[in-house]
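For reference, the structure is listed below as structure tokens.
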Amino acid sequence: MIQNKEAWLKMTDWCARQERCIYDAKQKLNTLHVEEEEQENILKKLANENYLNEERFVRFYVQDKFRFNGWGRIKIQWQLSQKQIAAPLISEGLEELDAATYENTLMNLLTVKKRNIKGKDFWETKAALLRFAQSRGFEFDLTIRLIQQITE
């Protein structure tokens, strides 16, 4: 039974506004100073009433971080693992990324970045593009292939 009704109401409102994972919900409950046993009750009820759904969270997280932040698979995977999401769920979510769209997005990011690199020679430009793509979490092999297409 939920004994802390105020925390329950705050959590349902918080979870209804956007997709959340269990890890984030635990963090929020800690900031509300809810006792450990009560946290577990609230988390179970949130999951039972479908306020928290890890699969749904992963799907939205992957799509949002890719589309709006321009993150690659590596960075998304790392961020999700930091939220203690199970590896199989992460893999499923990443598989939903369309390969052609993924490649086109990286190509567009690299093309824009190349235009903004000033006064560097060929090798420095390639290195800067590689560092940029790696910082965004894109795979090394794909990045190298696309950089070669751009710089030819």
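The values are calculated or read from the model by the stated rules, or taken from the named source; none is laboratory data. What you are looking at is a predicted structure, and each value in this text was computed from that prediction instead of being measured. With ideal geometry, Cβ positions are generated from the backbone for all residues, glycine too; neighbour counts draw on all protein chains shown. Areas reflect the complete protein model, heavy atoms only, side chains present, ligands, DNA and RNA absent. Shrake-Rupley method; radii C 1.70, N 1.55, O 1.52, S 1.80 Å.
Looking across the range 136-152, the residues that are in contact (Cβ under 8 Å) with a residue 12 or more places away in the chain and in a helix (DSSP H, G or I) come down to LEU142, THR143, ILE144, LEU146, ILE147, GLN149, ILE150, THR151.
Here GLY119, GLY137 are screened, and the one residue that is surrounded by fewer than 16 Cβ atoms within 10 Å (Cβ to Cβ), of a type in the set (Gly, Ala, Ser) and on the phi > 0 side of the Ramachandran plot is GLY119.
Suppose we filter ALA128, ALA133 for residues that are assigned to a helix (DSSP H, G or I), more than 12 Å from the chain's Cα centre (by Cα), over 30 Å from TYR23 (Cβ atoms) and of a type in the set (Gly, Ala, Ser); which single one remains? Working first, answer last.
Working: ALA133 fails: over 30 Å from TYR23 (Cβ atoms).
Going through ALA128, ALA133 in turn, just one is assigned to a helix (DSSP H, G or I), more than 12 Å from the chain's Cα centre (by Cα), over 30 Å from TYR23 (Cβ atoms) and of a type in the set (Gly, Ala, Ser): ALA128.
I need the full set of residues from the range 42-72 which are touching a residue at least 40 places away in the same chain (Cβ under 8 Å) and of a type in the set (A, V, I, L, M), in order please. The one that is touching a residue at least 40 places away in the same chain (Cβ under 8 Å) and of a type in the set (A, V, I, L, M): ILE42.
Looking across the range 122-134 at every residue that is among the small types (Gly, Ala, Ser) and open to solvent by less than 30 Å² (accessible area, probe 1.4 Å), the one that is modelled with the highest pLDDT is identified as ALA133. Counted as qualifying within the range 1-99 are the helices (runs of 4 or more DSSP H) with 2 or more residues that are β-branched (Val, Ile, Thr), namely 22-31, 54-69, 73-82. The number of residues in the range 83-116 that are open to solvent by 80 Å² or more (accessible area, probe 1.4 Å) and basic (Lys, Arg) comes to 1.
Residues of the range 41-82 that are open to solvent by 70 Å² or more (accessible area, probe 1.4 Å), under 21 Å from ASP141 (Cα atoms) and among the aromatic types (Phe, Trp, Tyr): TRP78 alone.
Listed by first and then second residue, the pairs with beta-carbon distance under 6 Å, at least 6 apart or on different chains, first residue in the range 92-114 and closer than 15 Å to TYR61 by Cα, second among the basic types (Lys, Arg) and modelled with pLDDT of 95 or more, are GLY93/ARG59; LEU94/ARG73. Reported count of residues in the range 1-40, each being over 19 Å from LEU89 (Cβ atoms) and either touching a Phe, Trp or Tyr at 6+ places or on another chain (Cβ under 9 Å) or open to solvent by less than 60 Å² (accessible area, probe 1.4 Å) (or both), is 14.
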